[in-house]
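The values are calculated or read from the model by the stated rules, or taken from the named source; none is laboratory data. The structure displayed is predicted, hence computed values, not measured ones. Ideal geometry is used to build each Cβ from the backbone, glycine not excepted, and the neighbour counts take in all protein chains shown. Keep in mind that these areas ignore ligands, DNA and RNA; they rest on the heavy atoms of the full protein, side chains included. Shrake-Rupley method; radii C 1.70, N 1.55, O 1.52, S 1.80 Å.
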Amino acid sequence: MADTLPKGYEPKDVEDRWRAHWEQEKTFTPDPSAPGEPFSIVIPPPNVTGALHIGHALNLTLIDVLCRHARQKGKNVLWVPGTDHAGISTQNVVERALAKEGKTRQDLGREAFIDRVWEWRADYGHRILDQIKALGCSVDWTRLRFTMDEGLSKAVRKVFVQLYDESLIYRGDYIINWCPRCHTALADDEVEHEDSRGHLWSIRYHLEDGSDSVVVATTRPETIPGDTAVCVHPDDERYRHLVGKTAVVPGVGRRVPIIADSYVDREFGTGALKVTPCHDHNDWALGRTHNLEFVQVIDENGVMKEAAGPYAGLTKQACREKIVADIEAAGDLVKVEELQHAVGHCYRCHTVVEPHVSAQWFVAATKLAPAARAAVPELTRIFPETWLKTYYHWLDTIRDWCISRQIWWGHRIPAWTCAGCGKLIVAVEDPSQCPHCGCRELRQDEDVLDTWFSSALWPFSTMGWPDDTKELARWYPTNVLVTGFDILFFWVARMMMMGLHFMGKAPFAHVYLHALVRDAEGHKMSKSKGNGIDPREMIEKYGCDALRFTLTAFAAMGRDIRLSEERIEGYRHFVNKVWNASRFAMMNLDEAAPAPVRLDTIEGLHHQWILHRLEAVKAEMDRALEEYRFNDAAQAGYKFLWSEFCDWYLELIKPDMQAGQERKATAQYVLWTVLRELLVLLHPIIPFVTAEIWAALPVAAGEKATDIALEPYPAARPGCVRPDEAARMELIQGVIVAVRTIKAELNISPARKVHLLLQPVDAVQMALLEANRHMLETLARLETLDMQLDLEAPKASASAVVLGCQVIVPLRGTVDLAGEMTRLDKELAKLEKDIIGVNKKLQNENFVSRAPATVVEAERERAARLVDSKTKLEALRARFVEAMAEG
RNA sequence: GGACAGUUAGCUCAGUUGGUGGAGCAUCGGUCUUACACACCGAGGGUCACAGGUUCAAGUCCUGUACUGUCCACCA
């Protein structure tokens, strides 16, 4: 007996050992000059503040499956790990910590605050990395990256300066989304729109000369002091006469023009619109086209500015109340309605964002987008393809990307203003003096870059760009990017733009967008809802492999995953099953590996069958993974191991093992071979349990024990593909199941051995059954087995027909005769129904003449089989009825 | 308003090119059969959302409807 394994699989200890082993041995650190087709993936860098959540677990598991599989296929695999500095999030976390000490970042000052963030990162930044390790990810830890690393920061500066020089980065006044709490600008897609209930106020604006008036509708009366026009649709008969006249803004008395623009929706509200260019995105655009005055009345803290006249100093909320009251008092409040409308919120802190005009830096995304669009699908394919249109649409309607943020933690913008000449200097290295006037007094821009700016460079910055590295030469572009569709725009599209612009190549050949993990009710998991499943807890409870298998098995393309703890618990059973099947194998193997047996000419139907099935599963899992059908790969492995290898094959070789000698030796070799290959197939999904078993299995003479992580994908064995032999197993299995069913339904104890009579259809079938009688005897638990082509069966028998073979179990003593009668009738009714169905088809002239000949032939055969079964069963039933009459 | 997905057994989901509707869990009955009770054996359970159409044949292809969900854009 070879090494024994503990009775149940205990993941904790096993996982810890293998994690340490792989890290110490640098198993997943590739050599750029090693042979093999390159294969690379960059990790979607988790926030350094983050804790591993179930979405990461899914993402990392799928990537790991791909990487381990690629390694098995002989590829030179690089998986780069790393974290993202997550500007706003991290700053918020550290500010909260400071608040507990009663301090603000302003108290510390910029430099001390940033030092403080680095300290925080040193203390807590490894947490998320440890959690990645817990998942068993085969990343190269020697190439760990962080977006604020020196190298990556250099890449950021280089990109910024080059884009600036190419006029693809510019600075300008623009209306942006301002988070009054985070005190920073947000990019368009960092704003989340949510429906909320508000009001729509209809307010009368009088003409300057008092001759007429116009009623406008607004949801934000506090912006009235910033109005610089009233706008109507040019074709609107109601207002045509007013266009070109001058209206008076209530409260502040400003004289503003009434303009016409087809942007206005005549159906909405009153069909007349007040225009506040500084506090609304659309009004901003109107202001530009119509050369309106730009008056800012709300400051960055949400307080009314000087320009708001009588309302200056009020908060915007207080201003709203006061201005509405004033207008009402003046008799100009025409109507107040309830209105459901979307309001923008900060995606980090959920504060309502305020459109705000300020000087910001922008990337001319409109100029970079066309290349990113054109690259798909020629250079980069997106899986599943349903995201194609979304990707195109986003790029087609893209606006320039606001990249400056008014926070401290991040890549500071490499731009300086000269105190002497006032010119702007943009440079990779910090300048010591102004290149224009020589002045030494330079002031660096206070802002930092949007976190996604550095993330956009990730595929090449992590490989050492802008230096000319071996990594870049070998592994750029990457093979596939695996990520959630929720960051298709934030991240994927921007990496496409930057990769194409700076590397001249799309950063990945494939993009696989996986699903979102939801709870059992289909809701998005979130901390605030408290419905999240904590992967760390699941690993602790059920083992990492169980979690990984669950996620893989549910990762069907383009579909969200509804996860619950029960499912993970369920798949733990599978991991345990792998373990126990291996224990069984080990109990039946010797210390040394079994002596090789030629497999393509092997005797024994069960061996031929399992080897044939193994070939099929090898091909199937490989193809499924190549096509990102993770669930199919997992399902194929699951089914083969459990329903075929364990339920049938292991049971069938038990007698072989007892028989000893050559029969045993053959069974040992096939068992050893199939199990080893199966472990390799499953390893990408469940690395720990397979590694542990692999290490305990005997090794072929002259070979050294190896790490399963380095084992190649099992080669195809074409000689073992034997569909005919495999099909013959169906007869054996069918007869066994028939006997088991008879026992179960007639309440005969499964342990009770019965006599079995078989009447095969012909000599060939009889020979097959005869040759495999030991399988029938063992698995059907038979006392005796007799078979004859012409059989006189006892009248009191339970019976069934399997592939034409009559299966007869003589009933003795106190058996449930009525039960057998019910059983037969039910079976006959089913046959009858099927026969009617087939005959209907065959009697259809159109079917016979138009369907392919093979299909028609198959139907005829099926009909014949059904009729044959029915005839035989009816005869058996007739005898049974006689027996009952006699009995 | 635009785009995309989903609707199949009590639950969660598979269903590849149209050709006899599957799995896991759950349920019911029976078993300690020398790896596994985290197991084994067996059983029940479905007008494939609805309505049309194409076809000899539709869960599968086409059109429409209903419901659910997601994303984008927002009309002040």
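Taking the charge dipole of chain A about its Cα centre, with +1 at Lys and Arg Cβ atoms and -1 at Asp and Glu Cβ atoms, the residue from A:Val737, A:Ala696, A:Met884 reaching farthest to the positive side is A:Met884.
Comparing the range A:244-306 with the 2.2 N^0.38 Å rule of thumb, its C-alpha radius of gyration ratio is 1.19 (two decimals). Between A:Asp560 and A:Asp188, the modelled labels are 2.5 nm apart [label points 7 Å from Cα along Cα→Cβ]. Only alpha carbons enter this Debye calculation for the range A:735-792, each as an equal point scatterer, and the log10 of I(q)/I(0) it gives at q = 0.26, 0.27, 0.30, 0.31 Å⁻¹ is -1.08, -1.13, -1.26, -1.30.
At a Förster distance of 41 Å, what's the computed FRET efficiency of A:Asp868 paired with A:Lys639, Cβ-Cβ distance as r, to 0.05? Don't skip to the end; give the middle numbers.
Numbers: r = 31 Å, r/R0 = 0.75.
The calculated FRET efficiency here is 0.85.
Charge dipole (Cα centre; +1 on Lys/Arg Cβ, -1 on Asp/Glu Cβ; no other charges) of the range A:648-762 amounts to roughly 420 debye.
For chain A, the longest principal axis of the Cα atoms and the long axis of helix A:661-682 meet at an angle of about 10 degrees. Both radii come from the Cα set of the range A:289-423: Rg as radius of gyration, Rh as Kirkwood radius; their ratio Rg/Rh reads 1.09.
Look at where the Cα atoms of the range A:48-68 and of the range A:174-203 average out, and the two centres are 32 Å apart. With a cut-off of at most 12 other beta carbons within 10 Å, and DSSP calling the residue loop, which GluC sites (Glu not before Pro) in the range A:64-142 qualify? Please list them. Here the GluC sites (Glu not before Pro) that fit, given the DSSP loop and packing criteria, are A:Glu101. Annotation: extensible slack from A:Ala20 through A:Leu768 equals 264.0 nm (criterion: 0.36 nm per residue apart, minus Cα-Cα distance). Taking θ as phi - 60° and the Karplus parameters 6.51, -1.76 and 1.60, the scalar couplings of the range A:488-496 work out to 4, 8, 3, 10, 4, 4, 6, 5, 4 Hz in sequence order, x denoting glycine and proline.
Over all distinct Cα pairs, what is the inverse of the mean 1/r for the range A:340-415, reported as the Kirkwood hydrodynamic radius in Å? Spell out each step's value before the answer.
Working: mean 1/r = 0.0641 Å⁻¹.
The Cα-based Kirkwood calculation yields 15.6 Å.
Amide H contacts of A:Ser213: A:Leu207, each under 5 Å away and 5 or more positions distant or on a separate chain (H built 1.01 Å from N in the peptide plane; Pro and chain starts excluded). Tell me the angle of helix A:565-587 to the major Cα principal axis of chain A, expressed in degrees between 0 and 90 and rounded to the nearest ten. Helix A:565-587 sits at roughly 40 degrees to that axis.
Per the Debye calculation on the range A:38-156 with a single equal scatterer at every Cα and no solvent contribution, log₁₀ I(q)/I(0) for q = 0.12, 0.20 Å⁻¹ amounts to -0.51, -1.09.
What per residue convex hull volume, in Å³, do the alpha-carbon atoms of the range A:299-368 yield?
On the way: hull volume 12.5 nm³, N = 70.
Expressed per residue, the convex hull around the Cα atoms of the range A:299-368 is 178 Å³.
Measuring max minus min along each principal axis, the C-alpha atoms of the range A:92-137 give extents of 43, 19, 13 Å (largest first).
With an 8 Å Cα cut-off and a minimum separation of 6 or more residues, compute the relative contact order for the range A:29-81 in percent. Please report the intermediate quantities before stating the final value.
Working: 47 pairs, mean separation 34.8, N = 53.
Reported relative contact order: 66 percent.
Note on A:Ser167/A:Tyr347: beta-carbon distance plugged into 1/(1 + (r/R0)^6) with R0 of 30 Å gives a FRET efficiency of 0.50. Ranked from largest, the principal axis spans of the Cα set of the range A:677-831 equal 63, 33, 31 Å. Look at the dipole of the range A:554-615 built from charges on Cβ: of A:Ile602, A:His573, A:Phe584, the Cα furthest out on the positive end belongs to A:His573. Ratio of Rg to Rh for the range A:392-444: 1.18 [Cα atoms; Kirkwood radius as inverse mean 1/r over pairs].
A simple spin-label model places pseudo-atoms 7 Å from Cα toward Cβ; at A:Thr469 and A:Lys541 they are separated by 4.0 nm.
Computed extension length for A:Leu817-A:Met884: 23.4 nm, one decimal, from 0.36 nm per residue of separation with the Cα-Cα distance subtracted.
Each residue of the range A:458-475 is assigned a 3J(HN,Hα), and the resulting list reads 3, x, 9, 5, 5, 9, x, 3, x, 6, 8, 9, 5, 4, 4, 4, 7, 10 Hz, derived from the Karplus form 6.51 cos²θ - 1.76 cosθ + 1.60 (θ = phi - 60°), x at Gly and Pro.
Assuming charge only on the beta carbon of Lys and Arg (+1) and of Asp and Glu (-1), the dipole of chain A about its Cα centre is about 760 debye to the nearest 20. Taking all Cα pairs closer than 8 Å and separated by 6 or more residues, the relative contact order of chain A comes to 13 percent.
For the range A:576-648, the Cα gyration tensor yields ellipsoid semi-axes of 24, 17, 12 Å (square root of five times each eigenvalue, largest first, whole Å). Each DSSP beta bridge with both residues in chain A is either parallel or antiparallel, and the antiparallel ones are about 70%.
Can you compute the FRET efficiency between A:Lys840 and A:Gln406 using 1/(1 + (r/R0)^6), with r the Cβ-Cβ distance and R0 = 60 Å? Round to the nearest 0.05. E between A:Lys840 and A:Gln406, to the nearest 0.05, is 0.20.
In angstrom, the C-alpha Rg and Dmax of chain A are 37.3, 122. What separates the Cα centres of the range A:641-658 and the range A:829-853 is a distance of 39 Å. Only Cα pairs under 8 Å and 6+ residues apart enter the sum, and on that basis the relative contact order of the range A:1-151 stands at 36 percent. The angle separating the long axis of helix A:853-886 from the principal Cα axis of greatest extent in chain A is about 50 degrees. Have a look at A:Ala716, A:Leu650, A:Gln661 and report the one farthest towards the positive end of the charge dipole of the range A:614-717, computed about the Cα centre with Cβ charges (Lys/Arg +1, Asp/Glu -1). Value: A:Gln661.
Tell me, what % of the accessible area of chain A is carbon and sulfur with a 1.4 angstrom probe?
Working: 19440 of 39080 Å².
Carbon and sulfur: 50 percent of the exposed surface of chain A.
All alpha carbon pair distances within the range A:178-300 were sorted into 10 Å bins beginning at 0; the resulting P(r) in whole percents reads 13, 43, 32, 11, 1.
Mean projected area of the Cα convex hull of the range A:663-733, taken over all directions, amounts to 6.5 nm². Normalised size of the range A:740-839, defined as Cα radius of gyration per 2.2 N^0.38 Å with N residues, equals 1.13.
Ordering A:Met821, A:Met538 by accessible surface, largest first, gives A:Met821, A:Met538; the 1.4 Å probe counts only protein heavy atoms, with every chain in place. In a DSSP loop and with at most 11 other Cβ atoms within 10 Å, the trypsin sites (Lys or Arg not before Pro) in the range A:684-785 are A:Lys704, A:Arg752. Put a dot 7 Å past the Cα of A:Lys7, heading toward its Cβ, do the same for A:Glu627, and the two dots end up 4.4 nm apart.
Taking the Cα of A:Ala97, stepping 7 Å toward and past its beta carbon, and measuring to each backbone N in the range A:122-141: which are under 12 Å? Correct set: A:122-127.
Please work out the ratio of the alpha-carbon Rg of the range A:400-484 to 2.2 N^0.38 Å and round it to two decimals. Working shown, then result.
Working: Rg = 17.1 Å, N = 85, 2.2 N^0.38 = 11.9 Å.
With N residues counted in the range A:400-484, Rg over 2.2 N^0.38 Å equals 1.44.
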